[in-house]
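The values are calculated or read from the model by the stated rules, or taken from the named source; none is laboratory data. Owing to the predicted nature of the structure, the values given are computational and were not obtained by experimental measurement. When we count neighbours, we look across all protein chains shown, and the Cβ atoms used for this are built from the backbone with ideal geometry, even at glycine. The accessibility values were calculated without ligands, DNA or RNA, using every heavy atom of the protein model including side chains. Shrake-Rupley method; radii C 1.70, N 1.55, O 1.52, S 1.80 Å.
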Amino acid sequence: MRTVDSLVELVGDTPLVRLRRFSAKVAPTILAKVEYLNPGGSVKDRIGLAMIEAAERDGLLGPGGTIVEPTSGNTGVGLAMVAIERGYRSVFVMPDKVSDEKVDLLRAYGAEVVVCPTAVEPDDPRSYYRTADRLTREISGAFQPNQYANDANPAAHEASTGPEIWEQTDGRIDVFVAGVGTGGTITGVGRYLKERNRDVHIVGADPEGSVYSGDEPRPYLVEGVGEDFWPSTFDAEVVDRFVRVSDRQSFLAARELAHTEGILTGGSCGTAAHAARVVAAEYPPDAVIVVLLPDSGRGYLSKLYNDDWMAANGFLDRRSGATRLATVVAAKQRRLPAIVHMHPDESVRQAIAILHEFDVSQMPVVKRDTVESRDDVIGSIHERGLLERVYRDPAVLDAAVADVMSRPLPMVDGRDTVESIMGWFTADEQAVLVCDGPVPNGVLTRSDVLDYLVGPS
Ligand SMILES: Cc1ncc(COP(=O)(O)O)c(C=O)c1O
């Protein structure tokens with residue numbers, strides 16, 4: 001019978017797929033090493049197994065042990081699968097920029113997950129690196145594989161990924177392209193290939209904002225690649241060149257792979273694929289260019305595969321009547337507080353001051369300090385209405401808002417489209433209150449929608 005005792009035995013031996021349509025604009029046909037066909041869904045299955053086996057060999061991990069690791073998700077799955085097979089507890093520490101899907105995925109494997117702020121220095125005690133260190137100290141029998149400093153990481157790729165690519169290309173490979181996170185993949189594969197043929201060109205694909213390609217470290221949205229420090233698992237000697245790729249280019253390339261090749265991959269795969277196409281443009285038709293695609297797109301459905309998320313982050317110019325109101329509100333809230341509002345007992349004078357401070361012409365009146373439900377909204381204040389009242393009777397300036405307010409703004413749902421409220425705006429309505437289900441989320445005026453449809457200048 002052809003059976004296996006565990007999925008762990010199926011790690012590796014992933015296929016090399018010709019990207020015929022994705023390569024249409026360049027002479028060579030780029031070949032993709034599709035790592036999401038590993039049982040845990042990413043290239044990290046390879047190092048999960050290797051790092052645990054090395055720790056057991058070195059007596060650092062034994063029966064009843066606990067694995068603690070900082071991870072953007074994929075390494076966690078690779079380790080969790082092996083931990084279950086070996087009877088270890090697993091605790092993973094993640095940056096809060098990763099998608100909910102990735103957090104839920106690790107919990108689905110029965111692992112414990114701790115989420116930490118992304119935008120802190122690597123050495124900040126709140127960072128996911130340092131939090132993992134603290135938990136490793138506090139939990140008895142704990143072992144931290146630490147993929148950023150574990151030689152078993154690049155060694156796993158030198159022992160498996162590199163030989164597979166060499167064998168699958170009959171040793172004819174000219175260029176290998178990969179994203180760089182810990183650097184384990186590109187270092188291990190690069191070392192193996194260069195030992196076979198020194199002329200193989202090793203290209204690193206690096207997001208804008210990462211130090212690898214010499215950029216100023218700053219936040220970016222693509223996950224799993226790029227760094228703001230230099231891990232010891234990365235050997236710069238192996239890499240001949242870096243191609244810097246923006247978040248927009250990464251996400252659009254990943255979507256293109258899905259739409260043209262039916263290969264549903266993550267954002268960092270788009271980073272690598274975009275870089276591979278940039279490099280391929282410099283090579284003749286018979287060049288053999290291999291790009292490694294680390295993971296699956298299933299972990300990014302609420303992000304790069306979500307049009308609203310892409311539009312809200314300016315990666316997708318889908319400015320039309322079909323745009324959801326929540327997207328327009330999200331774009332507006334990048335420059336204004338959520339809901340500029342007043343309370344019934346505040347004075348008209350204060351209301352005018354708020355209107356001017358935030359440069360808005362109307363706002364809702366809410367009965368509580370925070371706007372938690374549609375019922376909290378009891379009226380609205382409009383600059384035009386106030387002008388008439390104050391002009392007729394200046395004493396109104398000291399009246400309570402409750403005495404001069406108008407009826408609440410029409411409330412609409414954030415899932416509705418721009419198209420659906422055009423009727424309001426062409427009639428006499430100046431603004432609507434967009435709600436996220438029962439909770440008011442933001443005011444939209446005619447000029448807000450116009451600004452959005454026009455887009456950034
Ligand atoms: C999605 C994704 N892409 C790419 C990489 C980079 O691989 P490496 O760490 O081997 O450089 C990682 C690593 O965590 C990853 O999770």
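Which of rounded, prolate or oblate describes region 26-130 when judged by the alpha-carbon gyration tensor and an a/c cut-off of 1.5? Judged from the Cα gyration tensor, region 26-130 comes out oblate (a/c at least 1.5, b/c at or above a/b).
Computed FRET efficiency, Cβ-Cβ of Asp240 and Met422, R0 60 Å: what is it to the nearest 0.05?
On the way: r = 54 Å, r/R0 = 0.91.
E(calc), rounded to 0.05, equals 0.65.
Distance between the pseudo-spin-label points of Gln333 and Leu397 (7 Å out from Cα toward the beta carbon): 3.5 nm. Each stretch of four or more DSSP H residues adds -39500 (n - 2.57); spread over every residue of the chain, this sum gives -10000 deg cm²/dmol at 222 nm. For Asp398, the solvent-accessible surface computed with a 1.4 Å probe is close to 110 Å², ligands and nucleic acids excluded. May I ask for the angle, rounded to the nearest 10°, between helix 247-261 and the longest principal axis of the chain, with both axes built from Cα atoms and the value confined to 0 to 90°? So the inclination is approximately 70 degrees. Nearest 0.05, what FRET efficiency do Ala108 and Ser361 give at R0 = 56 Å with Cβ-Cβ as r? Plugging the Cβ-Cβ distance into 1/(1 + (r/R0)^6) gives 0.70. The angle between the Cα long axis of helix 348-357 and the longest principal axis of the Cα atoms of the chain comes to about 40 degrees, rounded to the nearest 10. Ranking Val278, Val443 by solvent-accessible area of protein heavy atoms (1.4 Å probe, all protein chains present), from largest to smallest, gives Val278, Val443. Normalised per residue, the accessible area of the chain is 45 Å², obtained with a 1.4 Å probe and no contribution from ligands, DNA or RNA.
Multiplying the residue separation of Asp5 and Val120 by 0.36 nm and subtracting their alpha-carbon distance yields 37.2 nm. Per-residue SASA remark: Trp309, around 50 Å² accessible (1.4 Å probe; ligands, DNA and RNA not included).
For helix 184-196, what angle does its Cα long axis make with the longest principal axis of the chain, in degrees from 0 to 90 and rounded to 10? That works out to roughly 30 degrees. Among 102-111, 210-219, sorting by the average number of other beta carbon atoms lying within 10 angstrom of each residue, highest first, gives 102-111, 210-219. Stretching the chain fully between Ser373 and Ala353 yields a gain of 4.7 nm (0.36 nm per residue, less the alpha carbon separation).
Sorting Tyr283, Tyr391 by accessible area puts them as Tyr391, Tyr283; the probe is 1.4 Å, largest comes first, and only protein heavy atoms count. The mean sequence distance of close C-alpha pairs (under 8 Å, at least 6 residues apart), as a share of the length of region 185-256, puts its relative contact order at 38 percent. Taking the accessible area of the chain, probe 1.4 Å, and keeping the other protein chains in place, the carbon and sulfur fraction comes to 50%. Only Cα pairs under 8 Å and 6+ residues apart enter the sum, and on that basis the relative contact order of region 74-182 stands at 16 percent.
Quick one: check the C-alpha center-to-center distance for region 76-148 versus region 242-283, whole angstrom. Each part reduced to its Cα centre gives a spacing of 28 Å.
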